[in-house]
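Just so you know, all these numbers are worked out from the coordinates, no wet-lab data involved. This is a predicted model, so every value here is computed, not measured. Note that we place each Cβ from the backbone using ideal geometry, even for glycine, and neighbour counts take in every protein chain shown.
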Amino acid sequence: SSTKFPKDFLWGAASAAYQIEGAPTADGKGPSIWDTFAKILGKTKNGTNGDIAVDHYHRYHEDVELMQKMGLKAYRFSIAWSRIIPDGDGAINQAGLQFYVDLVADLKAHGVEPVVTLYHWDLPQALQDKYGGWESRQVIAAFAKYCRVVFERLGADVKYWVTFNEQNVFTALGYRWASHPPNVKDIKRMYAANHIVNLANATAINLFHKLVPNGLIGPSFGYGEVYPATSDPNDVLAAVNANQFNNDWWMDVYCRGTYPVKIMKTLQTLGIAPEVTSADDQLLKSAHPDFIGLNYYHGGTVEAPTMTTPAHTKQLTNIDPYLMAGDAENGITPEKLLFHSVENPHLEKTSFGWEIDPIGFQVAFRQIYEKYQLPIFVTENGLGAFDQLTEKHQVHDDYRIKYLQQHLLALKGALDDGVPVIGYCAWSFTDLLSWLNGYDKRYGFVYVDRNDTDAKSLTRYPKDSYYWYQKVIASDGKT
Ligand code: BGP
């Protein structure tokens, strides 16, 4: 495009602790529920785990130098809670804290704005064992304790903070589909745990505003607009249901402190609604995020629900747990009462079956901003693919460039529409561990070679997309 982005736009890239750091026991780190799930239970693809990942814990300086060379303006990473408080709510581990202090200092020395996620899915295992994890209100106090430690230590140097990464995803996969830790398959427990995470989110935001008055904080939500399959009003109503079920169920709580009534009623009918006390209600209403973190990959398409249209009761098989789950459970599920997920014939898919929908990105900006009147920070967006390293150590990832370009154009469209968008963090900076797909599904601007002769060298090679993004940044968004 020939139009430009604002001068202070935060051109970024993102990561998460478990997916890049490795060093699972270094400097006193305690185990997290992901260490258990991936390593002890072996529940990921081909038994891959984050023990080495891309060894960012030891190579962060090299990675930060690559960021500087690229001209990156912002880098989003997460803190591993069990490095800071190894048993979740006991003694503070200064050595673990120091790693992030050093990383933040290095980023700032290289002109990169740190964006810190407090929780990207790696709950200290001790909290799972002692209290039952997010199903227990005791974990709210533990989270607040951990947040206080990092706010006090890093609050002066870090302006942008994310509370929870994709609460919708980790609660669904962890408590409903048993494809993430803690490996539970119980929808009622999912809604209960999710409510407790909401309380932890509100608690952290209120604490932050007390301790870091000049900083900005918000949740990062995995948002996807849901379309009606046709103009049949039954399908349109189903899409309204699906948007409230998939998006507003979280976004309304974050931004207004209330759950959408129709969805609450549906869950109550099924006996799976969370219990919300009046103190909970007050807490949720008292917390106000400063921005919404938007993680955008794809939305969905629906038609009228199966319970009213028996012709549509076909079961979806081989569901990618990241795709909308649909009718995978027996018995009555909320989905069966509200909508039925279908394929969208207008959209192409990635090689991993995720729909590619840049217009849906623009729709998301418009919907979120007009509903909640908060600035939006894109905290994830990117393309997972099988990349090939050539003999000359290049990666010609033109498909990724195309994907990012289309999404940046949609973002620019939203800016032109008047939506305040603070920045864009592509997922991801280096290649990293995909939670369930192992190391073959790559997202990075920087290729990490896991097959080099010395298997431990994990050499970094900038891909074509790295040089492309470098130009985008240098020209303020001329893509
Ligand atoms: C998001 C997560 C990221 C990242 C991304 C890609 O849901 O926040 O951590 O993993 O999805 O997902 P995947 O690795 O499954 O392709």
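Step by step: find N for region 1-113, compute 2.2 N^0.38 Å, then divide the Cα radius of gyration by it. What's the final number?
In units of the globular-protein estimate, region 1-113 measures up at 1.23.
Taking amide H atoms as placed 1.01 Å from N in the peptide plane, list the residues 5 or more away in sequence, or in a different chain, whose amide H sits under 5 Å from that of Leu294.
It is Phe221, Phe377, Val378, Thr379, Glu380, by chain and number.
Could the peptides 7-14, 120-127, 229-236 be put in order, highest first, of the mean number of other beta-carbon atoms found within 10 Å of their residues?
120-127, 7-14, 229-236
Tell me, what ³J(HN,Hα) does each residue in region 432-445 have, in order and in whole Hz, if you take phi through Karplus 6.51 cos²θ - 1.76 cosθ + 1.60 with θ = phi - 60° and put x for Gly and Pro?
With the stated coefficients, region 432-445 comes to 7, 6, 7, 2, 10, 9, x, 9, 7, 8, 10, 10, x, 7 Hz.
Counting only DSSP beta bridges with both residues in region 10-474, what percent are antiparallel, rounded to the nearest 5?
20
Short version: ³J(HN,Hα) in whole Hz for each residue of region 33-47, in order, from phi by Karplus 6.51 cos²θ - 1.76 cosθ + 1.60 (θ = phi - 60°), x for Gly and Pro, what are they?
With the stated coefficients, region 33-47 comes to 5, 6, 4, 5, 5, 7, 9, 7, 8, x, 8, 9, 5, 6, x Hz.
Provide the per-residue ³J(HN,Hα) series for region 204-217, in order, calculated from phi with Karplus coefficients 6.51, -1.76, 1.60 and θ = phi - 60°, each as a whole number of Hz, with x at glycine and proline positions.
Once rounded to whole Hz, the list reads 5, 5, 5, 4, 4, 5, 6, 8, 10, x, 8, x, 10, 9.
Less than 17 Å apart at the alpha-carbon level, and either on another chain or at least 8 residues along: which aspartates and glutamates does that give for Lys349?
Once the sequence-local aspartates and glutamates are set aside, what remains near Lys349 is Glu225, Asp320, Asp357, Asp387, Asp397, Asp398.
Starting from the amide H of Val342, placed 1.01 Å from N in the peptide plane, find each other amide H under 5 Å away whose residue is 5 or more places distant or on another chain.
Answer set, sorted by chain and number: Thr301, Val302, Glu303.
Based on the alpha carbon coordinates of region 10-474, what radius of gyration and maximum Cα-Cα distance (Dmax) apply, in Å?
21.1, 63
DSSP loop (so not H, G, I, E, B), at most 12 other Cβ within 10 Å: list which chymotrypsin sites (Phe, Trp or Tyr not before Pro) in region 383-456 pass both filters.
Those satisfying the criteria are Phe386.
For the chain, what does -39500 (n - 2.57) per DSSP helix run (n ≥ 4), summed and divided by total residues, give at 222 nm, in deg cm²/dmol to the nearest 500?
-11500 deg cm²/dmol
So, counting K/R as plus one and D/E as minus one, what does the shell of residues with Cβ under 10 Å around Gly444 add up to?
Taking every other residue near Gly444 into account, the sum is +1.
Here is the link list: Lys29/Lys108; Lys73/Lys402; Lys130/Lys159; Lys43/Lys108. Which ones come out longer than 28 Å on Cα distance?
Lys130/Lys159; Lys43/Lys108
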